[in-house]
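The values are calculated or read from the model by the stated rules, or taken from the named source; none is laboratory data. These numbers were taken from a predicted model, which means no experiment stands behind them. When we count neighbours, we look across all protein chains shown, and the Cβ atoms used for this are built from the backbone with ideal geometry, even at glycine.
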Amino acid sequence: MSVDLRVRIGTLELPVPTLTASGCYGYGTEFEDFLDMRSVGAVVLKSVTRKPRLGNATPRLVHTPSGMLNAIGLQNPGIDWYLDHDVAKFAALPWKVIGSVAGFAVDDYAYVCERLAARPEIAAIEINISCPNVAHEGETFACDPHLTEKVVRSARATTDKPLIVKLSPNVTDIAAIARVAEAAGADALAVINTVRGMAIDIDARKPRLGNITGGLSGPAIRPIAVLAVYEVARAVKIPIIGQGGIETATDALEFLLAGASAVCIGTANYADPRVPEKIVAGIREYLARRNLRSVRQIIGEANVGFANSYQKEGDEG
C-alpha cells in the first residue's frame with residue numbers, strides 16, 4: 001500500500017520525517033554516493049556565528065560506551081565568509097537546507113539569523129541556544145527561561161521563515177523552557193541537544209578532552225531524549241524534531257510515538273551514512289504492516305495527554 005511520509009515543520013513541508021543533525025552531515029553532498037538522498041527530508045547545516053571561531057583545543061572527540069563526547073567549540077568561518085563562499089552552493093541541492101545559528105549575546109542571534117534567513121537557499125533556521133551568554137557570566141541561554149525568551153524573540157523579529165529552537169537537556173524542567181520558546185515565537189523545537197559529560201585519562205591523570213567537558217551524543221542518551229520529547233510534547237502545540245541517539249527505524253518510531261513530528265540523525269551517520277535511508281524504509285514498512293496511510297497517524301500515539309495537535313490537524317495532507 002502507498003504510505004504518506006510527509007510532515008510539516010511550521011510552513012516547511014518535508015517529504016520524509018528524517019533530518020540530519022547540525023555538524024554531522026556537511027551539506028549532504030558528501031553522502032550522495034552512499035545513499036538515496038530522497039530519504040533525507042532536510043540537512044541542518046553546521047552552526048554559524050557572527051565572527052569566525054577556531055574552536056576548542058584538541059583533543060575534541062572521545063569515544064565512550066554507546067556514544068561520543070565532543071567539544072568542537074563551534075568552529076566556523078563566521079557569517080560574512082559563509083554568505084560570500086558557501087550559501088550560494090545550496091541553491092542547486094534537491095533537498096531542503098536548514099541554517100543553524102549560534103551566538104554569545106542576544107544581538108548575535110538576531111544579526112546572524114537575519115542575514116542567513118534572507119538568503120533564498122535557506123528554507124528554515126535552527127537556533128542553537130545551548131551557548132554561553134557572555135553578558136551573564138557564561139550562563140547558557142537554554143538553561144534560563146528569561147534568556148531563552150529574549151533570544152527567540154530577537155530571532156523571530158528578523159524573519160518569517162520557520163524558526164526551530166534547539167533545547168538543552170541540561171535543565172531541571174525542559175517543558176518549562178519549551179513553553180517559553182513557543183510563546184516567544186518558535187515554530188518548532190529540536191529536542192534534545194547533547195548531554196554534558198566528561199572523560200578522564202587514568203594514565204595521564206587528566207581530562208581526555210582539551211576543553212575538559214563536552215557534549216555526549218549517541219545511543220547512550222536516547223532514553224533521555226525520548227523522555228524529553230514525551231514531556232515537551234505534553235507542554236506545547238508546535239512540532240517537535242526528536243533527536244538523540246537515533247540509529248534505527250525502531251529508535252525513530254519511539255520518538256514519533258512519544259510526540260515528535262520528525263527525527264534528526266546525528267552521531268549514527270559517522271558509523272553508517274545509510275542510516276537515514278534505512279530509517280525511512282523501516283518507518284514505511286511499519287506503517288504498511290499496520291495498514292496506516294500516513295506517518296502523521298502515529299505521532300504522539302504513545303503519549304497520554306499529548307498536547308501537540310499540529311500534525312493531527314489536516315491529517316489527510
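Test SER39 against the criterion of being among the hydroxyl-bearing types (Ser, Thr, Tyr), within 23 Å of ILE221 (Cβ to Cβ) and modelled with pLDDT under 95, and give yes or no. For SER39, the condition - among the hydroxyl-bearing types (Ser, Thr, Tyr), within 23 Å of ILE221 (Cβ to Cβ) and modelled with pLDDT under 95 - is not met. Checking the structure you have, find out if any residue of segment 222-232 is charged (D, E, K, R), under 21 Å from GLY266 (Cβ atoms) and at pLDDT 95 or above. Yes, segment 222-232 contains at least one residue that is charged (D, E, K, R), under 21 Å from GLY266 (Cβ atoms) and at pLDDT 95 or above.
Considering the conditions (1) modelled with pLDDT under 95; (2) crowded, with 18+ Cβ neighbours inside 10 Å; (3) small (Gly, Ala, Ser), GLY55 is excluded by exactly one of them, (2). Taking the criterion of being β-branched (Val, Ile, Thr) and surrounded by fewer than 23 Cβ atoms within 10 Å (Cβ to Cβ), the only residue of segment 101-117 that qualifies is VAL106.
Residues that are under 19 Å from the mean Cα position of the chain (by Cα), within 22 Å of VAL165 (Cα to Cα), of a type outside the set (S, T, N, Q) and assigned to a strand (DSSP E or B): does segment 44-61 have at least one? Within segment 44-61, one or more residues are under 19 Å from the mean Cα position of the chain (by Cα), within 22 Å of VAL165 (Cα to Cα), of a type outside the set (S, T, N, Q) and assigned to a strand (DSSP E or B).
Residue-by-condition table, conditions (1) part of a helix (DSSP H, G or I); (2) at positive phi; (3) at pLDDT 95 or above; (4) among the charged types (D, E, K, R):
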| residue | (1), (2), (3), (4) |
| --- | --- |
| GLU247 | no, no, yes, yes |
| ALA260 | no, no, yes, no |
| CYS264 | no, no, yes, no |
| ALA281 | yes, no, yes, no |
| LEU287 | yes, no, yes, no |
| ASN291 | no, yes, yes, no |
| GLY300 | no, yes, yes, no |
| GLY305 | no, yes, no, no |
| ASN308 | no, no, no, no |
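The sole residue among ILE127, ILE122, ILE98 that is surrounded by 18 or more Cβ atoms within 10 Å (Cβ to Cβ), among the aliphatic types (A, V, I, L, M) and assigned to a loop (DSSP other than H, G, I, E, B) is ILE122.
Just to be sure, is ARG290 farther than 25 Å from SER130 by Cα, charged (D, E, K, R) and more than 16 Å from the chain's Cα centre (by Cα)? So ARG290 fits the description; yes.
Would you check if LEU189 is among the hydrophobic types (A, V, I, L, M, F, W, C), crowded, with 21+ Cβ neighbours inside 10 Å, touching a residue at least 12 places away in the same chain (Cβ under 8 Å) and farther than 29 Å from VAL97 by Cβ? Judged against the criteria, LEU189 is not a match.
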